[in-house]
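Participant: So that we are looking at the same thing, I have put the structure below in structure tokens.
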Amino acid sequence: MPLIVMCGYPCSGKTRRAEELKEYFEGNTERKVHIVGDGALGVERNSVYADSQKEKNIRASLKAEVERKVNREDIVILDSLNYIKGYRYELFCLIKHSQTPHCLVYCLTSDEVSSTWNTNRDAAEQYTQDIFDALVLRFEAPDSRNRWDSPLFTILEDDTLPYDAISDALFKRKAPPPNQSTQSQPLSSANFLYELDKITQDVLMTIFNAQKTSVPGDLIPVPGATEKIELTRSINMAELRKLRRQFISYAKMHPTENTGQISNMFVQYLNKSLH
């Protein structure tokens, strides 16, 4: 029946939380609980997440497995990264079609904590540092203002799961009606926010990849921008993400009608902030 979508950085505690939810619902309801995840598919994470086509195929397989298991009686928990908001929207469309409620459980950790948990795993279970950093950089955090990310339960590492609230979200809410459009902001505003998010993420990925072969003093070309990043020193992931968040906050307060200028604006902001 209902679908619980887990979400979070690699090694953020999603599987542990999924098992806690399974134990709770099996002990407190008459329903069966199915966990669908990378483990059941035998995913070799460092191979899959280094290849965009393999990763796309895995996401499709997970979605197909969820679709097979969703019914009017059982609970399905999707235990995977689920870090792409477009993929979470696809899952939302699936549950709309199935006319069943859903919720999202976001295991919120810092990249430092998740990285430590990763290195504490058995070697065969670890992400390589490059894969881990790339996944953290690509992560698109859920936003409860988006219908496909709501209801959203954000769980910190030491929190106790809000079992009653999650149960209410699954069993006391009506399923979204099929064929109903998701509510959104006006088109121009929604388009700006989408472009802002996508472009700034692309710029960070460009810097991240360029630093592997660049040295301080190099100029890094950025797609869509006429100006270049002036790489005066090595920049870690935490600093890049912090600067991106600051720029997005500023840009939301001062939106531009010309989304083609976002790349240049972000490059200028980064150059000023990094000097």
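Participant: Which of (1) touching a residue at least 60 places away in the same chain (Cβ under 8 Å); (2) farther than 30 Å from Ala123 by Cα; (3) out of contact with any Ser or Thr (no Cβ under 8 Å at 6 or more places or on another chain) is the odd one out, the single condition Arg72 does not satisfy?
Facilitator: Answer for Arg72: the failing condition is (3).
Participant: Could you tell me whether Glu26 is open to solvent by 50 Å² or more (accessible area, probe 1.4 Å), within 30 Å of Pro162 (Cβ to Cβ), in a helix (DSSP H, G or I) and free of Cβ contacts under 8 Å to residues at least 24 places away in the same chain?
Facilitator: Against the criterion (open to solvent by 50 Å² or more (accessible area, probe 1.4 Å), within 30 Å of Pro162 (Cβ to Cβ), in a helix (DSSP H, G or I) and free of Cβ contacts under 8 Å to residues at least 24 places away in the same chain), Glu26 qualifies.
Participant: For the stretch 45-63, give me each residue that is assigned to a helix (DSSP H, G or I), open to solvent by 10 Å² or more (accessible area, probe 1.4 Å) and either touching a residue at least 24 places away in the same chain (Cβ under 8 Å) or of a type in the set (Lys, Arg) (or both).
Facilitator: The initial filter retains those residues of the stretch 45-63 that are assigned to a helix (DSSP H, G or I), namely 45-48, 52-63.
With the extra rule that they be open to solvent by 10 Å² or more (accessible area, probe 1.4 Å), the set shrinks to 45-48, 52-61, 63.
Selection gives Arg45, Asn46, Lys54, Lys56, Arg59, Lys63.
Participant: Is one or more of the residues making up the stretch 168-178 among the acidic types (Asp, Glu), at pLDDT 85 or above and over 23 Å from Ser150 (Cβ atoms)? Let's see the steps before the verdict.
Facilitator: Initially, the stretch 168-178 is screened for residues among the acidic types (Asp, Glu), giving 168.
When the remaining residues are screened for being at pLDDT 85 or above, the result is 168.
Right, trim to over 23 Å from Ser150 (Cβ atoms) and you get none.
No, there is no match, as no residue in the stretch 168-178 is among the acidic types (Asp, Glu), at pLDDT 85 or above and over 23 Å from Ser150 (Cβ atoms).
Participant: Filter the stretch 136-157 for residues that are closer than 26 Å to Met237 by Cα and of a type in the set (D, E, K, R); which is surrounded by the most Cβ atoms within 10 Å (Cβ to Cβ)?
Facilitator: That would be Asp149.
Participant: Taking Ser61 as the residue in question, decide whether it is of a type in the set (Gly, Ala, Ser), at pLDDT below 95 and within 25 Å of Ser144 (Cβ to Cβ). Outline the logic, then answer.
Facilitator: Details: of a type in the set (Gly, Ala, Ser): yes; at pLDDT below 95: yes; within 25 Å of Ser144 (Cβ to Cβ): no.
In short, no.
Participant: Would you tally the residues in the stretch 127-149 being more than 14 Å from the chain's Cα centre (by Cα) and not aliphatic (A, V, I, L, M)?
Facilitator: Here is the first cut: in the stretch 127-149, the residues more than 14 Å from the chain's Cα centre (by Cα) are 127-131, 145, 147.
Pick out the ones that are also not aliphatic (A, V, I, L, M) and you get 127-130, 145, 147.
Summing the residues that are more than 14 Å from the chain's Cα centre (by Cα) and not aliphatic (A, V, I, L, M) in the stretch 127-149 gives 6.
Participant: Between Gln201, Gln246, Gln261, which is among the polar types (S, T, N, Q), assigned to a helix (DSSP H, G or I) and over 25 Å from Tyr83 (Cβ atoms)? Reasoning before the result, please.
Facilitator: Details: Gln201 fails: over 25 Å from Tyr83 (Cβ atoms); Gln246 fails: over 25 Å from Tyr83 (Cβ atoms).
Gln261 is the lone residue from the list that is among the polar types (S, T, N, Q), assigned to a helix (DSSP H, G or I) and over 25 Å from Tyr83 (Cβ atoms).
Participant: Being modelled with pLDDT of 90 or more and of a type in the set (Gly, Ala, Ser) is the filter; apply it to the stretch 64-109 and report the residue that is farthest from Arg138 (Cα to Cα).
Facilitator: Ala64
The values are calculated or read from the model by the stated rules, or taken from the named source; none is laboratory data. All of these numbers come straight from a predicted model, not from anything done at the bench. Ideal geometry is used to build each Cβ from the backbone, glycine not excepted, and the neighbour counts take in all protein chains shown. We work out accessible area using only protein heavy atoms, side chains counted, and drop any ligands, DNA or RNA first. Shrake-Rupley method; radii C 1.70, N 1.55, O 1.52, S 1.80 Å.
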